[in-house]
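Asker: Would you mind keeping the following structure in view while I ask a few things?
Where a number appears in this text, it was derived from the coordinates with a stated rule and is not lab data. Predicted, not measured: the structure shown is a model, and the values here were computed from it. With ideal geometry, Cβ positions are generated from the backbone for all residues, glycine too; neighbour counts draw on all protein chains shown.
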Amino acid sequence: MGATAMTAGTLGTASKAIGQTKKPIPKDPIKIAAISFLTGAAAAPFGIPGYNTFAMCADVINKEGGILGRKIELLSKDEAGGVDAQVKLCRKLVLEDKVDVILGYISSASCQAVLPLADELGGLIIAYDCGTHELMEGAKSPYEVPKFKLGFRSKAHLGIDNIGLALVIKKYFPKIKTIAGINPDYAWGRESWQIFEVAMKKLMPQVEVVKTLWPPLGNTDYTAHISALMGAKPDIVHSSLWGGDAVTYTKQAMGMGFFKNIKMAYSRGEPYPQEVGKNFPQEQIICCAGTHYFLYPPHDKSPLNKWFVTEYQKRYGKYPTYPCYHAYQAIYAYKYAVEKAAKAVGGWPELDDIAKATVGLSFQTPSGTLTIREDHNAIEDVLVGFTKLTPKYPFPILDPKRLEVFPASQVNAPVGIKTVDWINSWK
Amino acid sequence: MFKNPRWILYLLILITLLFIPRFLSIHDLMLFEYGITFAIVGLGFNLLLGYTGLLSFGHGAYFAAGAYTVAMIGKYFPQAYSLEILIPAALFFSLVLSIIFGFVCVRHTKIFFSILALSLSMLLFALLFKLYHITGGSDGLRVPLPTLFGMSFKGIRRPEFLSGTYYYFLLIVFAISFIVMRGIVSSPFGKALQAIRDNEVRAELIGIRVRRYRLYAFCISGVFVGLGGALWTFVNGHVTADLSHWVFSGEIVYMTLLGGFGIFEGPIIGAIIFTYLKLYAMGNTQYWMFVIGATLIVLVMLLPNGVAGAVSSLWTKIIKKSD
Amino acid sequence: MWVVYTLNGLYFAALLFLISLGLNIILGVMGILNLAHGSLYAIGAFIAAWIIIAIGMKVPPFFLYITLLSGFVLAGFVGFLMEKSLIRFMYKRTLEYQLLLTFGALMLLEDVIKMIWGGQAYYASAPFDLLGKVDIGGNIYPTYFLFVMIIALMAGLFIWLFMSKTKLGIMLRAISLDREMATGLGLDINRLSTFAFVLGSGLAGLAGALVVPTTPALLGFGHEPLILGFIVVVVGGLGSLKGALVGALLVGFTRSFGIAIFPEIELPLLFLIAGIILVVKPQGLFGR
């Protein structure tokens, strides 16, 4: 339904729709709803850092004059409470509170349920952290884009994490024989494993999967799972466990002697060395959900990263982790899109104008360049590293000598092609 | 039945309801529609609780049966995705499930009955939760807009659909459910149920087949609840396994009690009030569970006959005074 | 690895046993199914975590383990408050009201926990770390899990002795067997019921406290234990202490071996087993 209108995104910058009047820029603040986990296990490692960054960026943007002179009014909302509560909250925000944009959602479950509401209710939603690749892919390749006219994701999806892990394993551990997986039992976990398994089958067909476990999201006791994994004796275990689940799992595994013989590959492990602390096991494979890492790009090469890390540390006393980088991307995507759209229509843009302007948007972030494509998904490079304890930091960092960065073209499927089909088509 | 002057009141209320879309904002209208679907649920549930005296903390299972029927047809048989097929299908599957579960449950009473009903609904919950590839697991399934007798709603946004055609459809189904349940409750069958509730032994002695009638009541209530579930899906747009969880079943009990399970209209009032109470609380405080929990406790201790019951007693008192 | 799976099964069983023991004592003596039992478990966890984090390593290790008893104490106290304010009004009412009341209490307590302890996760792993690991037949196993099993065993023995040998215990059993007769014999039902409720709640809190060194205390912490405890009670038999033990072992081993061998099944398997037992013997394995 929306494809024909949106692939004409190229027309967006040049033309004005016939009969469209120039709407003057209002003076009142822009209402931005920021939705993140403020309570629960995901709050400390994810939701709160994400929200902190929204607040920090809004503050910085406001100090620099706001968006086209309008100040940002940030409404903070909790993502906890389950999918159903999020659906109802989104409806309230769009229909009753009439916010200008919703920036939110860490959990793939929230995204899957809420993003369709963008078109249904006529509200702009930018997903900032969730990874489900099925969200914007169609049933078969090639598929029509975009899936949602007013729904966007200001980051790449989980394809990059799991392809990145497979590429690193192939490079550094070409001789392994067995792998296993422990992933949360919902869209995010199921899809992460799917992409990883498909990529591994393609790159290292001789490797056998000896166990796959599916604890429910939010599970707090992994004792039985850890024992089951140890019993299956895999060389490497893949996991997309995140937030509090990942921290709890790692701590319990540490206590049960898991890491003596088995290596973990965390598809989004970047925050956890800092969360667990000094004792986080070394030599674990960590993917950064992109190239989001407080030490990458190195501060001498990226003044923006240097500023971002320093500013975040000054305000909140910790190093930013990837949810923070994602939050930056979301709020700035909105800002730049609005500015680009305003220039095109010569006044304050409507939602459709902003949506048009978001396609093809490309800008600098503390992690590098971010580009949002016609399928309303962004593409990014991916960084995978190995944990190593160094004297300078109180928790293991990623070994600077083995930071593997894969370019976006190597880890993101082309527009309109399903990731699984794309991987299977590799030579 | 229809000679009762009450029916004039009901007719007046129905006519008023026809005009509601003009007065309410889209968001409030959606809330109201939630209330109506739960009113149907409450009517059905109260047949089992108020009239037969059986408390089930597991009726979410039938709500889920109705809701998932709609969602699964939407996912696997989109060509059959029209209301005239969806509603009967939902009724059918909730009936089948209530027969199976009900058969097991009605062999027992009191706490065993409640526990069995709860356990069976949790079994369904666990299945819906774990069978990710079929049911969407904990993520649930999306429920798109259906067609109605060939009318397609492509291109319309859900809020428009809900404030237009669907509202009247819902109202008609509600009116029919109301009349049907009223009929059931006033019939000899309904009287027999009350006899069973009041004194099981005596009912058996005068020839009422207690276990069989309980099963009938169980199944009828299951079907009504399933109907409510199916209708609810279009308003919510999304179904999750939680619909079969005992806490959700607890909410059904809550709203029935809130309205008053001793009066026919009680559950309807309870459903409407609860819908608003819950959404109001959720929208205004992060401690909404405290509000709901405290309200429930106060209700049980002070107003055991529910709001309708309290109003009704008050009314009786006033009438008595004026004599 | 079978040794480890068995030990894990015993570990789960230990925790479930404490929870369901508490549920059964309350159910047996008072005939009430306390839907807020999971909240008491959560309260035990939060208070223990909070104290352990607060005192940290400043005290000799022995005291760290004593603080786990704080879970028992606070949960018991909250149980006392609950019984005095709510439950005692419900004796004369029907089942519906009792269930609804405890359901309301569940929601209330959930937010009370949120008000007091906020929304974050509390990690308190000191008691776990201190005990280290032990080698059992070539397998490394955390000593702390063995500690939990011992505590549960001690609690079980204590309750058994209490119920069979002490006057108070015998009175409680009398009430659960025949309430009317017991009243007729002059037993102070009210006092004894309060005692039973406090004891049952305390056991739930103790279980919560014991689990906190490995699992963070979080909102919603009590939901799964309540359901599992419920399965144990239903399978073992309402009000039966022996049933709590057997049921706990059954559920514990199903979970441990289930995840190792049939990872996809987990929860539905447990409900299926419970459902089958209920259909065949609705009073449970040892129920009356």
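Asker: Got the relative contact order for region C:96-226 handy, in percent, Cα pairs under 8 Å and 6 or more residues apart? Walk me through the numbers before you get to the answer.
Answerer: Working: 74 pairs, mean separation 47.5, N = 131.
That works out to 36 percent.
Asker: While we're here: Label A:GLN313 and B:THR285 with points 7 Å out from Cα along Cα→Cβ: what is the distance between them in nm?
Answerer: Modelled inter-label distance: 4.2 nm.
Asker: A further question follows. According to the Cα gyration tensor, what semi-axes, each the square root of 5 times an eigenvalue, does the equivalent ellipsoid of region B:89-217 have, listed from largest to smallest in whole Å? Write down the numbers at each step before the final one.
Answerer: Values: eigenvalues 265, 115, 21 Å².
They are 36, 24, 10 Å, listed from largest to smallest.
Asker: Would you mind telling me the antiparallel percentage of the DSSP bridges in the protein assembly as shown, rounded to 5?
Answerer: Details: 24 of 56 bridges.
Percent antiparallel among DSSP bridges in the protein assembly as shown is about 45.
Asker: Sticking with this structure for a sec: Could you list A:MET264, C:MET154, C:MET149, B:MET301 so that the one with the fewest beta carbons within 10 Å of its beta carbon is first and the one with the most is last?
Answerer: Starting with the residue having the fewest Cβ neighbours, the order is C:MET154, B:MET301, C:MET149, A:MET264.
Asker: Please report C:LEU187, A:LEU361 as a ranked list, fewest other C-beta atoms within 10 angstrom at the top and most at the bottom.
Answerer: Numbers: C:LEU187 16, A:LEU361 20.
Placing the least packed residue first, the sequence is C:LEU187, A:LEU361.
Asker: Which value in deg cm²/dmol, rounded to the nearest 500, describes the helix-derived mean residue ellipticity at 222 nm for the protein assembly as shown, given -39,500 (n - 2.57) per DSSP H run of n ≥ 4 and division by the residue count?
Answerer: Working: 44 runs with 616 residues, N = 1038.
Dividing the helical sum by the residues of the protein assembly as shown leaves -19000 deg cm²/dmol.
Asker: Which loop trypsin sites (Lys or Arg not before Pro) in region B:1-32, with loop taken from DSSP, have no more than 14 other Cβ atoms within 10 angstrom of their Cβ? Kindly include the intermediate steps, with their values, before the conclusion.
Answerer: Values: sites: B:LYS3, B:ARG6, B:ARG22; in loops: B:LYS3.
Qualifying residues, ordered by number: B:LYS3.
Asker: Between B:LEU9 and B:SER322, what is the FRET efficiency for a Förster distance of 30 Å, r being their Cβ-Cβ separation, to the nearest 0.05?
Answerer: On the way: r = 20 Å, r/R0 = 0.66.
Given R0 = 30 Å and the Cβ-Cβ separation, E is 0.90.
Asker: What trypsin sites (Lys or Arg not before Pro) does region B:102-209 have in DSSP loop regions with at most 13 other beta carbons within 10 Å? If you can, show how the numbers build up before the last one.
Answerer: Numbers: sites: B:ARG107, B:LYS110, B:LYS130, B:ARG142, B:LYS154, B:ARG157, B:ARG182, B:LYS191, B:ARG197, B:ARG202, B:ARG209; in loops: B:ARG107, B:LYS154, B:ARG157, B:ARG209.
Answer in residue order: B:LYS154, B:ARG209.
Asker: When a footprinting reagent is the concern and you count Cβ atoms within 10 Å, what order do A:VAL345, C:VAL134 take, fewest first? Don't jump to the answer; show the numbers that get you there.
Answerer: Values: A:VAL345 21, C:VAL134 13.
With the sparsest Cβ surroundings first, the list reads C:VAL134, A:VAL345.
Asker: Another question, if that's okay. Rank A:LEU117, A:LEU295, A:SER362 by how far each Cα sits towards the positive end of the charge dipole of chain A (+1 on Lys, Arg Cβ; -1 on Asp, Glu Cβ) and give me just the farthest.
Answerer: A:LEU295
Asker: What percent of all Cα-Cα pairs in region B:21-322 falls into each 10 Å bin, going from 0 up to the bin containing the maximum distance?
Answerer: Reading upward from the zero bin: 6, 27, 35, 23, 7, 1, 0.
Asker: I would also like to ask the following. Convex hull volume of the Cα atoms in region C:93-214, per residue, in Å³? Each step should come with its number before you reach the end.
Answerer: On the way: hull volume 20.2 nm³, N = 122.
Normalising the Cα hull of region C:93-214 by residue number yields 166 Å³.
Asker: Kindly express, to the nearest 10 degrees and within the range 0 to 90, the angle between helix C:2-30's C-alpha long axis and the longest C-alpha principal axis of chain C.
Answerer: 20 degrees
Asker: Ratio to report: Rg/Rh of chain A, with Cα atoms as the point set and Rh obtained by the Kirkwood method; give two decimals.
Answerer: Details: Rg = 21.1 Å, Rh = 21.9 Å.
Rounded to two decimals, Rg over Rh is 0.97.
Asker: While we're here: Report the Rg/Rh value for region C:2-280, based on alpha-carbon coordinates and the Kirkwood definition of Rh.
Answerer: Details: Rg = 18.6 Å, Rh = 19.2 Å.
My calculation puts Rg/Rh at 0.97.
Asker: Averaging sequence separations of C-alpha pairs under 8 Å and six or more residues apart, then dividing by the length of chain B, give the relative contact order as a whole percent.
Answerer: Details: 483 pairs, mean separation 105.4, N = 323.
The normalised contact order for chain B reaches 33 percent.
Asker: For the pair C:MET154 and C:ASP188, how long in nm is the line joining their label points, each one 7 Å along Cα→Cβ?
Answerer: 3.0 nm
Asker: Starting from one equal scatterer on each C-alpha and no solvent at all, send me the Debye-based log10 I(q)/I(0) for the protein assembly as shown at q = 0.06, 0.07, 0.08 Å⁻¹, two decimals.
Answerer: Log10 of I(q)/I(0), two decimals: -0.47, -0.64, -0.84.
Asker: Can you tell me what percent of all Cα-Cα pairs in region A:339-427 are more than 21 Å apart?
Answerer: Numbers: 2135 of 3916 pairs.
Looking at region A:339-427, the distances longer than 21 Å represent 55 percent of pairs.
Asker: Between C:ASP135 and A:GLN410, what is the spin-label point distance in nm, taking each point 7 Å from the Cα along the Cα→C-beta axis?
Answerer: Distance between the two pseudo-spin positions: 4.4 nm.
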